[in-house]
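The next block holds one structure in the form of structure tokens; read it before the comments.
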Amino acid sequence: MVVKEIFFNQYFYIGFIAWLIAQLSKVVTTLVIEKKLNIYRLIGSGGMPSSHSSFVMGLTTSVGLDKGWDSAIFATALVFSLVIMYDASGVRRAVGKQAIILNTMIDDLYKHKHIEQDKLKELIGHTPYEVFVGAILGIVIANLMM
């Protein structure tokens, strides 16, 4: 019963649809550019547009449209969204850059001796542009669905 109520909550549903469109666009973009179907992009993080930003801004915009731009719940959702978007473009992007450096070091070590180490995932965070486009996508989807 509770799970059904969550998934049919209009705010969650709109955010989820914005997330899904962002993730599907990554699959399509990968298919067009790399000429291969990479279903992992449907659940993977990083890339254009930021699905995190799409999700939270879809949620925030739908709350604002329904409850008012001056409501406490809109302010709460907006602060939540700003923290998520800051994290996506700041902290997680820095982690991705560190992964690139560590992977380069691992590659250098492989050239001299054999070690057992998997490469780290490098596509973790987002550029500010990817976050911005994701946020706009979420806002548009919420306006279309409310």
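Laboratory data are not the source of any read-out in this text; all were calculated from the coordinates shown. Please read these numbers as outputs of a predicted model, since none were measured by experiment. Cβ: placed from backbone, ideal geometry, glycine included. Neighbour counts: every protein chain shown.
Details
- The loop-placed chymotrypsin sites (Phe, Trp or Tyr not before Pro) in segment 6-51, going by DSSP, that have at most 11 neighbouring Cβ atoms within 10 Å of their Cβ come out as Phe8.
- Loop-located trypsin sites (Lys or Arg not before Pro) in segment 1-80 (DSSP state other than H, G, I, E, B) with a sparse environment of at most 10 neighbouring Cβ atoms within 10 Å: Lys35, Lys36.
- The lysine pair count for the chain, using Cα distances under 17 Å and pairs eight or more places apart or on different chains, is 6.
- For segment 1-63, a/c is not less than 1.5, where a ≥ b ≥ c are the root eigenvalues of the C-alpha gyration tensor, and a/b tops b/c. That puts it in the prolate class.
- Span-like helix criteria (full DSSP H runs; alpha carbon extent of at least 20 Å along the helix axis; mean Kyte-Doolittle hydropathy of at least 1.0) are satisfied in the chain by 10-34, 72-89, 128-145.
- Spacing of the two label points (7 Å from each Cα toward its C-beta) at Met105 and Leu37, in nm: 4.0 nm
- Computed E for Lys4/Ile73 - FRET, C-beta separation, R0 22 angstrom, nearest 0.05: 0.50
- Overall form of the chain: prolate. Here a/c, set by the Cα gyration tensor axes a ≥ b ≥ c, is 1.5 or more, and a/b is the larger of a/b and b/c.
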